[in-house]
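J.: Below is one structure. I have some questions about it.
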Amino acid sequence: MDCARFSWNTAYMITRALPETDARLAGYSHLISHYELKVPVPIILSATGQKHTKYETGTWNVFTPRHAPDESLYGHLTFALRYEGIDLAVLNALFQTISPAEIEQIAKNEPGGSYARRIWFLFEYLTNIELNVADISGRRKYVDLVDTEFQYPGQSRQSKRHGINNNLPGVKNFCPLIRRTEKLDALIDQDLSKEALESVGAIHPDVLMRAASFLLLEDSKASYAIEGETPQHNRAERWGRIIGHAGKTPLSKAELERLQKEVIVDSRFIHMGYRDEGGFIGSHDRSTNMPIPSHISAKHQDLEALMEGLIETASLLKDSDFPPVLAATLIAFGFVFIHPFEDGNGRLHRYLLHHVLIETGFTPKGLVFPVSSVILKRITDYVTALEAYSKPRLSFVEWRVTDKGNVEVLNETIDLYRFFDATAQAEFFYECVHETITKALPDEVKYLQRYDEMKAFVNNYIDMPDRTADLLIRFLHQNDGKLSKRALDKEFAALTDDEVQVFENKFAEVFQT
């Protein structure tokens, strides 16, 4: 087989059209361009223009001339932290490019400066290189690392050496960040967990139990359908029961491997456990068997570090006040981007959405939100959210084809999977949770309540076994409130015309008003 090689292009260069002819790159855009950093370009870049009013274009934040940073490493780093927040991917690539002495000088020149201390902390945190700088040792007020104006912070951990509150939402080996947006703030302010709890409390326990059982099965079926599979009923029920136990066992490598065994019923042709070779999502050229990736998974050599980081981050977020839906986004989407297993990643990814929501107490006890059902209805948006991560990163992976038609990654790619902006995925998933709580759950409860009303009417009107009454209601549903000719000729041939009319009228009254 032709072992063709594919390498990154010049995507790290800032090729996005400037918002003004005379605009100048500032902050991260300048650092990427000036140091030729091989990193995915941030979704929103910054520049300084000639106008005296700050404005946004969707992909640019344009600042006034007075915001222009000093044309130095410190000037642009300070601008980035002050106006853009933290981009660990850019900073990590930068710190691997410059001399440690440059950061050491910044820390010594501004020993008490809040931005200098942040830069100093981030350098040592990301590189594991301790600079020749004296500890702050309580001489200064502690400064938060993540600015809550730009990004959602995690649990604070003090770094006495730097006088920094490390409130990153993750750890060094896995730390995606989510930008604060109007959409996310509005969704968080709705307190959907409280709304769900109040809604559940108003539902009769019997109806709730039946709704929970149905929604669990529907979520299981939807998770298979997203993968393009139509499982036998018993397999869907089995996976539904597994989802029903989400959140009860803390995440660990052993637990994830156990769950993979639950997903993969027949493992004769599948390597179980973490992958021992490359992986990708996509297709193959029919004539050459050449991979056509839409996503390339993390190198198998990096899986232990990445997954340890993900599991540690999950533990860190579990008992924090980090918004649970955002926590579920970081863990579940981070998992599917890493793609640690040869098979079963998709369903485990959606299992993890449930796991985190339940473990953090967001989901009411005894209930599973049918988020997979909502995701299936919004499958195009789901794919867009996945591609928002994958597409920009394909250019940064150098690979060749193996004799199995797989991909072998040739360059270092671990940073692509541990540092990324998860805002697009967070907005998509929060919208799914919102629809689940405000529509899917109430609709199912309303249906069951109406179903019970209709069944009680049928049983009071005529002697009929429960299974026959159930069949009658199902037939009416399937035919827009009318019994079909087939049903009238077969299962319900014994009904009179008047009885048929009574049932159809009652169905319309109960279900169609």
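The values are calculated or read from the model by the stated rules, or taken from the named source; none is laboratory data. Remember, it's a predicted structure, so these values are computed and weren't measured experimentally. Positions of Cβ are backbone-derived with ideal geometry, glycine not excepted, and every protein chain shown enters the neighbour counts.
J.: Here is a check on your reading of the model: is GLY138 at pLDDT below 95 and either aliphatic (A, V, I, L, M) or part of a loop (DSSP other than H, G, I, E, B) (or both)? Outline the logic, then answer.
T.: On the way: at pLDDT below 95: yes; either aliphatic (A, V, I, L, M) or part of a loop (DSSP other than H, G, I, E, B) (or both): yes.
Yes; evaluated as a whole, the condition is true for this residue.
J.: Okay, next question. Report the residue count in the range 20-59 for those that are closer than 22 Å to LEU88 by Cβ, without any contact (Cβ under 8 Å) to a residue 24 or more places away in the chain and of a type in the set (Gly, Ala, Ser).
T.: Final tally of qualifying residues: 2.
J.: Looking at the range 136-156, can you tell me whether even one residue there is exposed (fewer than 14 other Cβ atoms within 10 Å of the Cβ), among the hydrophobic types (A, V, I, L, M, F, W, C) and not assigned by TED's automatic domain parsing to the domain that holds ILE331? Break it down stepwise before answering.
T.: Looking only at the range 136-156, we keep the residues that are exposed (fewer than 14 other Cβ atoms within 10 Å of the Cβ), and these are 137-139, 141, 148-149.
Okay, now just the ones that are also among the hydrophobic types (A, V, I, L, M, F, W, C), so none.
No, the conditions are met nowhere in the range 136-156.
J.: Among what's in the range 314-352 and is of a type in the set (S, T, N, Q) and touching a helix residue (DSSP H, G or I) at 6+ places or on another chain (Cβ under 7 Å), pick the residue that is farthest from PHE429 (Cα to Cα).
T.: Taking the range 314-352 first, the residues of a type in the set (S, T, N, Q) are 315, 320, 329, 345.
Pick out the ones that are also touching a helix residue (DSSP H, G or I) at 6+ places or on another chain (Cβ under 7 Å) and you get 329, 345.
On the way: THR329: 7, ASN345: 18 Å.
The extreme case among them is ASN345.
J.: From the list ILE188, ILE178, ILE164, which residue is within 19 Å of ALA327 (Cβ to Cβ), β-branched (Val, Ile, Thr) and surrounded by 20 or more Cβ atoms within 10 Å (Cβ to Cβ)?
T.: Values: ILE188 fails: surrounded by 20 or more Cβ atoms within 10 Å (Cβ to Cβ); ILE164 fails: within 19 Å of ALA327 (Cβ to Cβ).
The match here is ILE178.
J.: Would you point out the residue of the range 350-392, among those that are hydroxyl-bearing (Ser, Thr, Tyr) and part of a helix (DSSP H, G or I), that is surrounded by the most Cβ atoms within 10 Å (Cβ to Cβ)? Full working, then the answer.
T.: We begin by selecting, within the range 350-392, every residue hydroxyl-bearing (Ser, Thr, Tyr); these are 351, 360, 363, 372-373, 380, 382, 384, 389-390.
Still in the running and part of a helix (DSSP H, G or I): 351, 372-373, 380, 382, 384, 389-390.
Numbers: TYR351: 25, SER372: 27, SER373: 23, THR380: 8, TYR382: 19, THR384: 13, TYR389: 22, SER390: 19.
The qualifying residue surrounded by the most Cβ atoms within 10 Å (Cβ to Cβ) is SER372.
J.: Name the single residue that is modelled with the lowest pLDDT among those in the range 397-426 being among the acidic types (Asp, Glu) and surrounded by fewer than 20 Cβ atoms within 10 Å (Cβ to Cβ).
T.: So in the range 397-426, the residues among the acidic types (Asp, Glu) come out as 398, 403, 408, 412, 415, 421.
This time we only want the ones that are surrounded by fewer than 20 Cβ atoms within 10 Å (Cβ to Cβ), so: 398, 403, 408, 412, 415.
Values: GLU398: 95, ASP403: 89, GLU408: 95, GLU412: 96, ASP415: 97.
Among residues in the range 397-426 that are among the acidic types (Asp, Glu) and surrounded by fewer than 20 Cβ atoms within 10 Å (Cβ to Cβ), the one modelled with the lowest pLDDT is ASP403.
J.: I'm checking my understanding of the structure. Among residues of the range 16-26 that are over 26 Å from GLU387 (Cβ atoms), in contact with a strand residue (DSSP E or B) (Cβ under 8 Å, 6 or more places away or on another chain) and not aliphatic (A, V, I, L, M), which one is surrounded by the fewest Cβ atoms within 10 Å (Cβ to Cβ)?
T.: Keep residues of the range 16-26 that are over 26 Å from GLU387 (Cβ atoms), which gives 20-26.
Retained after the next criterion (residues that are in contact with a strand residue (DSSP E or B) (Cβ under 8 Å, 6 or more places away or on another chain)): 20, 23-26.
Of the ones still in play, those that are also not aliphatic (A, V, I, L, M) are 20, 24.
On the way: GLU20: 15, ARG24: 17.
Looking at the filtered set, the residue picked out is GLU20.
J.: Which of the residues spanning the range 414-431 are over 16 Å from VAL90 (Cβ atoms) and either of a type in the set (A, V, I, L, M, F, W, C) or touching a Cys at 6+ places or on another chain (Cβ under 9 Å) (or both)? Lay out the reasoning, then the answer.
T.: Step one: filter the range 414-431 for residues over 16 Å from VAL90 (Cβ atoms), giving 424-431.
Residues satisfying the conditions are ALA424, ALA426, PHE428, PHE429.
J.: Residues in the range 434-449: is at least one surrounded by fewer than 17 Cβ atoms within 10 Å (Cβ to Cβ) and under 30 Å from SER287 (Cβ atoms)? I'd like the intermediate steps shown before the answer.
T.: Step one: filter the range 434-449 for residues surrounded by fewer than 17 Cβ atoms within 10 Å (Cβ to Cβ), giving 438-439, 442-443, 446-447, 449.
If we keep only those that are under 30 Å from SER287 (Cβ atoms) as well, we get none.
No, that holds for no residue.
J.: Here is a further query. Hand me the list of helices (runs of 4 or more DSSP H) wholly inside the range 419-513 holding 1 or more residues that are in contact (Cβ under 8 Å) with a residue 60 or more places away in the chain and under 21 Å from ASP206 (Cβ atoms). Steps first, please.
T.: Numbers: elements: 423-435, 441-461, 466-478, 485-489, 497-511.
Correct list: 441-461, 497-511.
J.: Follow-up question, since we're still on this one. Given the criteria assigned by TED's automatic domain parsing to the domain that holds LEU122, crowded, with 18+ Cβ neighbours inside 10 Å and either closer than 25 Å to GLY170 by Cα or β-branched (Val, Ile, Thr) (or both), does ALA80 qualify?
T.: Working: assigned by TED's automatic domain parsing to the domain that holds LEU122: no; crowded, with 18+ Cβ neighbours inside 10 Å: yes; either closer than 25 Å to GLY170 by Cα or β-branched (Val, Ile, Thr) (or both): yes.
Taking the combined requirement at face value, the residue does not satisfy it.
J.: Quick test for you: out of LYS54, LYS38, pick the one residue that is out of contact with any Asp or Glu (no Cβ under 8 Å at 6 or more places or on another chain) and within 22 Å of LEU416 (Cβ to Cβ). Give the steps one after another, and end with the answer.
T.: Values: LYS54 fails: within 22 Å of LEU416 (Cβ to Cβ).
Just a single option satisfies the conditions, and that option is LYS38.
J.: Identify, from the list ILE311, ILE296, ILE331, the residue that is surrounded by fewer than 22 Cβ atoms within 10 Å (Cβ to Cβ), in contact with a Ser or Thr (Cβ under 9 Å, 6 or more places away or on another chain) and not charged (D, E, K, R).
T.: After ruling out the rest, the residue left standing is ILE311.
J.: Could I ask something else about it? State which residue is nearest to TYR382 (Cα to Cα) when the search covers only the range 213-244 and only residues that are assigned to a helix (DSSP H, G or I) and acidic (Asp, Glu).
T.: Start the filter on the range 213-244 by keeping residues that are assigned to a helix (DSSP H, G or I), which leaves 213-226, 233-244.
Narrowing the set further to residues that are acidic (Asp, Glu) leaves 218-219, 237.
Working: GLU218: 18, ASP219: 15, GLU237: 24 Å.
By that ranking, first place goes to ASP219.
J.: Please go through the range 245-262 and pick out each residue that is under 20 Å from GLY334 (Cα atoms) and either in a loop (DSSP other than H, G, I, E, B) or not assigned by TED's automatic domain parsing to the domain that holds VAL397 (or both).
T.: ALA246, GLY247, THR249, PRO250, LEU251, SER252
J.: Only residues that are under 33 Å from the mean Cα position of the chain (by Cα), part of a loop (DSSP other than H, G, I, E, B) and at pLDDT 95 or above: list them for the range 45-96, please. Before you say what the answer is, go through the steps one by one.
T.: Step one: filter the range 45-96 for residues under 33 Å from the mean Cα position of the chain (by Cα), giving 45-48, 54-63, 76-96.
Next, only the ones that are part of a loop (DSSP other than H, G, I, E, B) stay: 54, 57-59, 84-87.
Passing the criteria: GLU84, GLY85, ILE86, ASP87.
J.: Let me ask something else. Output the residues belonging to the range 281-325 that are outside any loop (DSSP other than H, G, I, E, B), touching a residue at least 40 places away in the same chain (Cβ under 8 Å) and of a type in the set (S, T, N, Q).
T.: Passing the criteria: SER294, THR313, SER315.
J.: Of the residues that sit in the range 353-407 and are of a type in the set (D, E, K, R) and within 13 Å of the chain's Cα centre (by Cα), which one is farthest from PHE429 (Cα to Cα)? Steps first, please.
T.: Start the filter on the range 353-407 by keeping residues that are of a type in the set (D, E, K, R), which leaves 359, 365, 377-378, 381, 387, 391, 393, 398, 400, 403-404.
Going one step further and asking which of them are within 13 Å of the chain's Cα centre (by Cα), we end up with 381, 387.
Values: ASP381: 10, GLU387: 14 Å.
Applying the filter and picking the extreme gives GLU387.
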